[in-house]
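Have a look at the structure below, then the notes.
All of the numbers you see were taken from the coordinates with simple rules; none came from a lab. Computed from a predicted structure; not experimentally measured. Cβ: placed from backbone, ideal geometry, glycine included. Neighbour counts: every protein chain shown.
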Amino acid sequence: MRRLVLVSILLAIVVVTLGAYTRLTHAGLGCPDWPGCYGLIDVPETSEQIAKAEAAFPERPVEIQKAWNEMIHRYFAGALGLLILAIAVMAVRNRHQGTPMFLPLLILAIVTFQAALGMWTVTMKLMPMVVMAHLLGGFTTLCLLFLLYLRLTPYRIPGGDWSIKKYAKYGVVGIFILTAQIGLGGWTSSNYAALHCTELPICQDGWLENLTFEDSFDLIPPERDTYEFGHLDHHERVTIHAMHRIGAIVTFAYLVWLAFAVMRRAQTGFFQKVPIILLAVLFAQVGLGVSNIVFSLPLAVAVSHNIVAAFLMLVLITLTYSLKRKI
C-alpha cells in the first residue's frame, strides 16, 4: 500500500503541475463541457469534428491546443482518482491489521469533491471562488497523500531533542499561514491580478491609494456569462495582488523564524537538516515570485511558483509531523 501511496503522490504532483499549466495558458475553458470535450472523450481535430463542435457550442470556437491542455489534465486527474479509490479499498480491507482507514477515506472524499469542483470550474465559467477552491483541493489532496505516506513509513525520529518538541504547535501554525498564502495566490491567479503590481516589494507608487476591499474578496461575484480574464477593475486587482505580497512577507518571516528556532536548538542531524531544506525551498519560492514580477509572468516560472509552493508545504508537513511524533 505504501508504494501505491508513493505513486499517487508523484501523480498528484503531475496533476497539480498540469492544473497550473492549464490555468496559466488560459485553457480552463478549452473544453466548454465536462467530462468530455465538445461531446468527445478526446479533442475535436478533424474538420468534420470541429464543425460539429462549433455548431454545438457556437460561443466557444475550438482551440485545439487549449483543449488538449485541459483534457490531458483531466486524464491524469481521473487516473489519480482511481488510485485513491484503490488505496481506500485496501485501507478498509486491511483495517484489522492496523492500516490507517480514516485518512484514506478522507482523501477519497476530498478527491470526489475535487472532481465536482473541476466540473463547476467549467459550468460556472471560471468563477474565481471555484477556481481557487479547485487549486486548494489539489494541494490538499497532495498533502494528505504525503501525510498518509509518512504514517505508513516506519522511520525513526531521533531522540534527545526534547528542547524543540514545543515547536510542533508552531509548525501547525505555519501550515495554516502557508495555506492562507497559497489561497491568496489562488485568488490572485483566478482574478487575473498577477500583473497588476509591477514593482517590488509591494506594488508600484500609489498602491495604497488604490486599495479597495469592498468587492475585492467577494466570494460570490455578480453573475456573468464568463469570468475568463477577470471581472474586477484595476483597483480591486491591485488590492488582491498587494495582499498576496504582504502575505508573502508574513509567511517568509514566520517560516524563517521557525526554521532557525528549530535548527538553533536541535542536537540531532535530522532536525538540523530539515529546517535547512525548508529554508532552501522557501528562498527558491521567493526567487520565483520576484522573477514573476521582473520578467512579467513567464509561463515556466509561474508554473514553477505553484509547484515549489507545494514542495514548501510538504517540507513543512515533514518537520511538523516529525516534531509531533517525537512528543
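Please report, for the Cα atoms of the chain, the Rg to one decimal and the Dmax as a whole number; what are they, in angstrom?
Here Rg and the maximum Cα pair distance are 21.4, 71 Å.
Test of understanding: what is the full-extension gain from A116 to R224, defined as 0.36 nm times their sequence separation minus their Cα-Cα distance? List each step's numbers first, then the result.
Working: separation 108, 0.36 × 108 = 38.88 nm, distance 2.06 nm.
Value of the extension gain: 36.8 nm.
Run the numbers for T212 and I276: contour at 0.36 nm per residue of separation, minus the present Cα-Cα distance, in nm.
Numbers: separation 64, 0.36 × 64 = 23.04 nm, distance 3.85 nm.
Working it through step by step, the gained length comes to 19.2 nm.
Under the rule of at least 5 residues apart or a separate chain, name every residue whose amide H is placed under 5 Å from the amide H of C37.
D42
Please arrange I317, I87, I240 by counting, for each residue, the other beta carbons lying within 10 Å of its beta carbon, fewest first. Please report the intermediate quantities before stating the final value.
Details: I317 20, I87 23, I240 26.
So the ranking, lowest neighbour count to highest, is I317, I87, I240.
Between S163 and E54, what is 0.36 nm times their sequence separation minus the Cα-Cα distance? Round to one decimal in nm. Can you show the working numbers first?
Values: separation 109, 0.36 × 109 = 39.24 nm, distance 6.57 nm.
Length gained between S163 and E54: 32.7 nm.
Quote the FRET efficiency, to the nearest 0.05, computed for I249 versus L6 with a Förster distance R0 of 30 Å and r equal to the Cβ-Cβ distance. Intermediate values should be presented prior to the final figure.
Values: r = 35 Å, r/R0 = 1.16.
The value I calculate is 0.30.
Please list, in chain and number order, the residues 5+ apart from E45 or on another chain whose amide H is under 5 Å from its amide H, with Hs placed from the backbone.
I50
Rule-of-thumb check for the stretch 245-313: C-alpha Rg over 2.2 N^0.38 Å?
1.23
Can you tell which of G287, T25, V301 lies farthest toward the positive end of the dipole of the chain, using +1 and -1 charges on the Cβ of basic and acidic side chains (Lys, Arg; Asp, Glu)?
G287
Less than 21 Å apart at the alpha-carbon level, and either on another chain or at least 8 residues along: which lysines does that give for K52?
Once the sequence-local lysines are set aside, what remains near K52 is K66.
For K125, list the aspartates and glutamates whose Cα falls under 18 Å from its own Cα; do not include residues on the same chain fewer than 8 positions away.
The reachable aspartates and glutamates, counting only those whose Cα sits under 18 Å from K125, are D33, E54, E59, E63, E70, D218, E223, D225, E228.
Give me Rg over Rh for the stretch 162-327, both radii from the alpha carbons and Rh done the Kirkwood way, two decimal places.
Numbers: Rg = 17.9 Å, Rh = 17.1 Å.
That ratio is 1.04, to two decimals.
For the stretch 1-142, treating each Cα as an identical point scatterer without solvent, what Debye log10 I(q)/I(0) comes out at q = 0.15, 0.18, 0.19 1/Å?
Normalising to I(0) and taking log10 leaves -0.74, -0.97, -1.04.
When the label point is put 7 Å from the Cα of T25 along its Cα-to-beta-carbon vector, which residues of the stretch 41-83 have a backbone N closer than 15 Å?
Correct set: 43-44, 63-77.
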